[in-house]
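Only one structure is covered here, and it is reproduced in the block below.
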């Protein structure tokens with residue numbers, strides 16, 4: 001499978017559990033050009049509900065009338081904001097519209113303009129994480145590379161000021177895995193794990209990278225370790241199950257999934273997760 005295909009496996013659960021990055025800031029004093037571009041983007045989506053191409057990727061985005069109304073109300077207030085804090089508060093609201101509409105590029109675009117106006121670790125992280133989000137779920141090679149490069153640039157700026165920031169180092173390493181020298185990125189992630197054996201972000205990404213390279217036995221070790229640290233990590237459970245299936249250990253995969261499901265509650269989120277697991281189990285038992 002491709003990198004993006006493995007990520008798609010867990011996208012549904014990520015949406016349910018709210019694990020997407022929540023950017024805390026947006027655009028700079030280039031408000032006029034920003035507003036013009038965003039208005040055109042939203043108008044196209046609202047009027048045509050058709051295909052949008054951003055950074056080389058084509059994906060369908062449809063805004064509801066309610067979403068469009070909210071954007072029309074919040075955007076001018078955001079653009080007129082005169083401080084980083086004020087803009088950040090408006091982005092939190094805009095994000096609630098952008099994310100469900102899959103407008104990850106818009107989030108990254110605004111975040112980068114904010115970083116230009118207010119260059120500091122906080123805005124760099126917002127921008128880096130926003131582009132990392134685009135990079136993680138992009139389907140075209142061109143968009144993956146462009147977004148990864150953007151994210152990498154800002155993560156490196158953060159590490160220049162905070163060299164011991166483990167999570168940033170892991171994410172930076174992930175962006176390097178699609179370059180001509182992927183081992184540079186893998187080495188960075190391993191360095192984090194050598195200092196912090198329980199670093200969940202490092203374990204998860206090494207597990208995912210093991211799956212990509214067909215080293216499913218190593219992937220199983222990573223995801224089992226993650227589940228021992230965090231027994232409620234549904235993404236690791238799903239990927240552990242998939243890794244076991246790839247090793248032709250379907251019965252073990254079923255046991256893992258059923259054990260995980262048995263520990264879920266009857267909350268709305270857990271009910272959604274149970275449905276995802278049931279789909280996985282039904283496919284296995286066919």
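Bear in mind that the values in this text are calculations on the coordinates, not laboratory data. Note that this is a predicted model, so its numbers are computed, not measured. Counting neighbours? That spans all protein chains shown, and the Cβs are built from the backbone with ideal geometry, glycine included.
In units of the rule-of-thumb radius 2.2 N^0.38 Å, region 171-286 shows an alpha carbon radius of gyration of 1.13. Note on 145, 150, 80, 171: ascending count of other Cβ atoms within 10 Å places them as 80, 145, 150, 171, the fewest first. Does region 86-184 come out rounded, prolate or oblate, given a ≥ b ≥ c as the square roots of the eigenvalues of its C-alpha gyration tensor, rounded meaning a/c under 1.5 and, failing that, prolate meaning a/b above b/c? Note, shape of region 86-184 comes out oblate.
Give the calculated FRET efficiency between residue 250 and residue 160 to the nearest 0.05, with a Förster radius of 41 Å applied to their Cβ-Cβ distance.
Calculated value: 0.30.
Placing R0 at 35 angstrom, the Cβ-Cβ distance between residue 80 and residue 121 gives a FRET efficiency of 0.85 after rounding to 0.05. Which of rounded, prolate, oblate describes region 207-262, given a ≥ b ≥ c as roots of the alpha-carbon gyration tensor eigenvalues and a/c under 1.5 marking rounded, otherwise prolate only if a/b is larger than b/c? In terms of gyration-tensor shape, oblate.
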